[in-house]
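Below is one structure, written out as structure tokens, with a few remarks after it.
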Amino acid sequence: MADPSSYRPKPGQIPDSPGVYKFRDDHRRVIYVGKAKSLRPRLSSYFQDLANLHPRTRTMVTTAASVEWTVVSTEVEALQLEYSWIKEYDPRFNVKYRDDKSYPYLAVTLNEEFPRVQVMRGAKKKGVRYFGPYGHAWAIRETVDLMLRVFPVRTCSAGVFKNAERTGRPCLLGYIGKCSAPCVGRVTPDEHRELAEEFCDFMAGRTGAYIRRLERRMTDAAEEMEYERAGRLRDDIGALRRAMEKSAVVLADATDADLIAVAEDELEAAVQIFHVRGGRVRGQRGWVTDKVEEVDTAGLVEDALQQLYGEESGDSVPKEVLVPALPEDQVATDALTQWLSERRGSQVSLRVPQRGDKKDLMATVGRNAQQSLVLHKTKRASDLTTRSRALEEIAQALGLDSVPLRIECFDISHLQGDDVVASMVVFEDGLARKSEYRRFQIKGFEGQDDVRSMHEVIGRRFRRYLAEKERTGEWTEENEGSATPGENGVNGENGENGENGQNADDAADDTTGQIPAAPGENGHAGPFGPSSLKEDDGRPKRFAYPPQLVVVDGGRPQVAAAKRAMDELGIDDVAVCGLAKRLEEVWLPDDDDPVVLPRSSEGLYLLQRVRDEAHRFAITYQRAKRAKRIRTSPLDDVPGLGETRKQALIKHFGSVKKLRQATIEQICEVPGLGRKTAESVAVALAGTAPAAPAVNTATGEIMEDDGGSTHD
């Protein structure tokens with residue numbers, strides 16, 4: 001590990017002008033390339049106290065052994081040089097987007113004497129017109145098959161073409177009218193090239209004018225009573241319309257745009273691109289990348305633009321590029337726009353859509369990006385070798401005697417101190433076991449205190465574990481008196497529930513309905529066999545399976561609270577750690593410094609996934625509780641008052657507030673309400689204090705009670 005101060009440039013040596021810089025390691029390999037509108041402050045930021053640097057940046061500067069830079073005159077030149085160096089050196093610490101597959105394109109080889117329509121993959125070639133990319137090659141072939149009826153362009157290989165020239169006989173497509181057969185001289189090279197250019201124009205989105213021209217020719221043929229020619233033209237129009245239907249209309253006609261969306265977490269990012277030509281989605285592609293450097297969404301977008309258009313020119317760069325975020329610095333945005341315009345040869349609009357169809361389509365692209373990231377994580381998590389390596393890395397980093405085959409993670413969720421809840425998620429062998437998820441209501445106190453909440457939840461979880469040990473005869477003398485079975489209540493609303501609100505007693509494995517034996521030391525079966533983990537009626541017991549590792553969402557205070565709760569119960573054979581979200585640091589009890597796992601560590605990825613799942617489960621429960629509380633009404637407690645008459649009351653008076661001010665005689669005026677029910681309503685409302693007025697935090701407006709809801 002190098003000391004950055006050993007290669008730090010001397011004061012005043014770094015110029016205060018735009019430029020591009022390279023960090024090199026001991027072997028003179030370029031490990032990072034960056035650009036800046038002012039080199040001096042940017043490079044100086046890398047040589048501050050290591051404790052203040054992001055972990056990824058800290059790793060980069062301690063791996064590097066030297067830094068060098070090149071001064072340029074404008075930010076556009078810096079952007080171009082940065083892209084060239086990234087392509088040349090492939091630095092390990094730069095974000096690199098790589099396709100997870102080679103996307104097929106519909107290509108027209110305009111660089112040949114007789115242009116050919118075909119499916120192409122890989123690097124683009126000069127003189128070839130590309131359309132796409134498409135998700136599947138068969139989608140291209142279906143489109144081409146429909147269009148060859150109208151544009152009979154050559155599709156055969158060079159060998160087939162030369163053989164037809166030699167024999168004087170065209171291939172089958174030439175006989176059935178789906179090729180103009182330039183190989184045997186049925187059309188001249190100029191006529192065939194004109195066909196190919198019309199094919200390209202149609203694929204580029206200029207469809208309306210061509211179809212209208214065919215319709216006029218069909219009408220003229222019918223008027224001249226050339227019905228066979230009119231019928232052929234009608235079929236041609238139908239074929240073109242079917243080809244157009246294969247790509248949905250999403251934007252106004254003649255709109256050419258690329259929409260780029262990003263989904264990201266702390267370690268990875270997924271990018272999705274929709275290519276819209278002539279208002280239709282003509283292609284889609286996507287990447288997933290590791291976030292090797294510290295970069296925000298705007299930075300990811302900039303890297304994606306370089307990857308997409310760095311080697312493109314002309315119409316391959318659309319008139320409009322829509323992105324989810326732009327650099328805060330307007331100068332950087334202008335430089336990107338100018339760079340794209342130079343690639344295209346005309347003005348390019350680079351912006352974030354704010355309203356209308358383009359914003360809606362951007363949301364669709366964003367959902368695709370999120371799904372792509374989830375799918376990538378699922379594939380990565382399902383790999384057995386990867387999971388085994390992750391568990392081994394966790395055991396090594398935390399100093400465990402064996403790999404943690406069962407990991408439980410706890411998270412606290414609340415809304416400004418209200419509806420405080422907690423979640424417990426379970427991962428076994430690196431995979432989520434949703435049947436054993438549990439959720440808790442914080443009952444020991446009121447208000448917001450994440451540390452105290454964590455202490456309560458961990459205590460309740462392990463008290464239940466000790467109670468199960470006592471019932472199965474596993475109770476030891478040193479455990480005696482440590483816990484009170486059933487403490488804090490487990491039934492009804494105060495109990496701990498599994499995923500989707502199922503009762504914990506009903507939790508079972510998703511596929512077998514059984515819970516496997518708990519692993520003991522070194523991963524072998526421990527004392528808890530399947531029979532000891534079930535009730536007499538065959539249902540699994542609550543909390544009977546102890547974890548090897550407890551993970552809490554938080555830093556040193558939360559870890560200390562969890563450890564203290566376990567010590568109070570005499571639990572000394574379960575490891576505990578915390579994962580702090582800000583810097584992804586792993587905290588251990590009694591350690592002053594965190595454990596920093598490598599960014600590429602599968603162990604860190606697994607811990608992060610466990611923590612994120614606990615957060616998702618907790619916040620889902622908290623939102624459900626809040627929604628239920630908001631939907632409650634003082635009228636719910638009125639005996640004999642059903643939903644229909646409640647709605648009639650609210651409709652008549654407008655709100656519970658106005659109903660509370662009404663007299664019994666006024667309440668009796670509501671159709672269907674007798675005096676006795678009206679008296680019950682008045683008594684119920686008089687016994688409940690008016691809810692505090694709801695305030696719109698955006699405008700400061702005090703909102704009227706609209707239906708008896710209790711607002712936050």
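The values are calculated or read from the model by the stated rules, or taken from the named source; none is laboratory data. Everything numeric here is computed off the predicted structure, so don't read it as measured data. Please note: Cβ atoms are built from the backbone with ideal geometry, for glycine as well, and neighbour counts cover all protein chains shown. Note: accessible area is taken over every heavy atom of the protein model, side chains too, but ligands, DNA and RNA are not part of it. Shrake-Rupley method; radii C 1.70, N 1.55, O 1.52, S 1.80 Å.
A few remarks follow.
- Its Cα centre serving as origin, segment 49-99 has a Cβ charge dipole (Lys and Arg +1, Asp and Glu -1) of approximately 320 debye.
- Model label points for residue 418 and residue 392, set 7 angstrom from Cα along the Cα-to-Cβ axis, are 5.1 nm apart.
- Gain on full stretching of the segment that runs from residue 679 to residue 110 - 0.36 nm per residue minus C-alpha separation: 196.1 nm
- The modelled label-to-label distance for the pair residue 658/residue 355, using points 7 Å beyond Cα in the direction of Cβ, is 3.2 nm.
- Accessible area per residue, Å², segment 323-458 with all protein chains present, probe 1.4 Å: 47 Å²
- Counting protein heavy atoms only, segment 9-115 has 47 percent of its accessible area on carbon and sulfur, 1.4 angstrom probe.
- Accessible heavy-atom area order of 683, 425, highest first, probe of 1.4 Å: 683, 425
- Simple spin-label estimate for residue 628 and residue 217 gives 6.9 nm between the two label positions (7 Å along the Cα-to-Cβ direction from each Cα).
- FRET efficiency, 1/(1 + (r/R0)^6) with R0 41 Å, evaluated for residue 167 and residue 89 via beta carbons: 0.20
- Split the accessible area of segment 306-439 by element, probe 1.4 Å, and carbon with sulfur accounts for 45%.
- Grouping the Cα pair distances of segment 390-437 into 5 Å bins from zero gives a pair-distance distribution of 5, 19, 20, 17, 15, 11, 7, 5, 0 percent in increasing distance order.
- For residue 198 and residue 68, a Förster radius of 35 Å and the Cβ-Cβ distance give a FRET efficiency of 0.10, rounded to the nearest 0.05.
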